[in-house]
Amino acid sequence: VGLSFAVSSSLHERLVEAKSTVLLTDVPSAMPLLNYNLEQNRHALDGLAVKAKPLPWTIDRPQDDGSSSSEPHYDCILGSDLLYNEKFIPHLVATTRRLLHPTRGIFILAVRWRKPDLERDFFQESGLEWELIQPLSGALSCPLDWTAFGDPNNKRSNLYFHQTQISVNGKPKALADITEEESGKLLAEEFEAWDRAHIQIYVGRQPKAT
């Protein structure tokens, strides 16, 4: 969420000027915390209209009043670390297709790669055209796009993971040689560097009509 809101902060003035509404969503069980955080930070919204509602990811259209207008389309969806459970990727794909505006909609997605071979399914099935954008300040710059990141058969990916090093107990070590188990034993600053090396931000756009 932090990455997404850092990106969205640059849009604040335009959203206020356009009298747009920002909708925050989460699973139903997380709504009390989301609403609490919203109220605690409402003073910082500076005129921006923000609401919160639960949004379960579903493959089928939710059953409500049956009208075609029951689910609005959104011009922009922002998400962060949404692919952590690959079992729900089909649900996220279906939800995105329902809610994103079919012509002008864009999806700004901060990805924390864990299982790239499985997480790539979202990019492939979303129907959007994805562009890698520059990382935030302090993040390691990875030039690989979603088709290459973490692919053991991709030379550029292998080069990145073997040449990019971070400190492990004070000694440099290549990303390719650091296991998930070992990452749990890193010092706080080392873990942050390791974590950021697996984070990218993408913009997905609807394909241009031909």
| remark: Checked pairs for the stretch 135-155, first under 18 Å from Ala174 (Cα atoms) and at pLDDT below 95, second aromatic (Phe, Trp, Tyr) and not in a loop (DSSP other than H, G, I, E, B), C-beta under 7 Å and 6 or more apart or across chains, list as Cys142/Tyr160; Leu144/Tyr160
| Do we have Phe123 as in a helix (DSSP H, G or I) and surrounded by 14 or more Cβ atoms within 10 Å (Cβ to Cβ) here? | yes
| field | Members of the stretch 173-200 found to be aromatic (Phe, Trp, Tyr) and crowded, with 18+ Cβ neighbours inside 10 Å, listed by number | value | Trp194
| Boolean, Leu92 is open to solvent by 40 Å² or more (accessible area, probe 1.4 Å), in contact with a helix residue (DSSP H, G or I) (Cβ under 7 Å, 6 or more places away or on another chain) and either outside any strand (DSSP E or B) or not acidic (Asp, Glu) (or both) | no
| query | So which of Leu55, Leu109, Leu100, Leu83 ends up being under 21 Å from Gly150 (Cα atoms), within 20 Å of the chain's Cα centre (by Cα), in contact (Cβ under 8 Å) with a residue 40 or more places away in the chain and surrounded by 15 or more Cβ atoms within 10 Å (Cβ to Cβ)? | reply | Leu109
| remark: Out of (1) within 13 Å of the chain's Cα centre (by Cα); (2) open to solvent by less than 30 Å² (accessible area, probe 1.4 Å), the one Ile166 does not meet is (1)
| note | Every listed condition ((1) out of contact with any strand residue (DSSP E or B) (no Cβ under 8 Å at 6 or more places or on another chain); (2) within 22 Å of Asp26 (Cα to Cα); (3) not in a loop (DSSP other than H, G, I, E, B)) holds for Leu109 save (1)
| query | Which one of Pro207, Pro172 is more than 30 Å from Gly127 (Cβ to Cβ), not hydroxyl-bearing (Ser, Thr, Tyr) and not in a helix (DSSP H, G or I)? | reply | Pro172
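The values are calculated or read from the model by the stated rules, or taken from the named source; none is laboratory data. Owing to the predicted nature of the structure, the values given are computational and were not obtained by experimental measurement. Glycine gets a Cβ as well: all are built from the backbone with ideal geometry, and neighbour counts include every protein chain shown. What goes into the accessible areas is simple: the full protein's heavy atoms, side chains included, and nothing from ligands, DNA or RNA. Shrake-Rupley method; radii C 1.70, N 1.55, O 1.52, S 1.80 Å.
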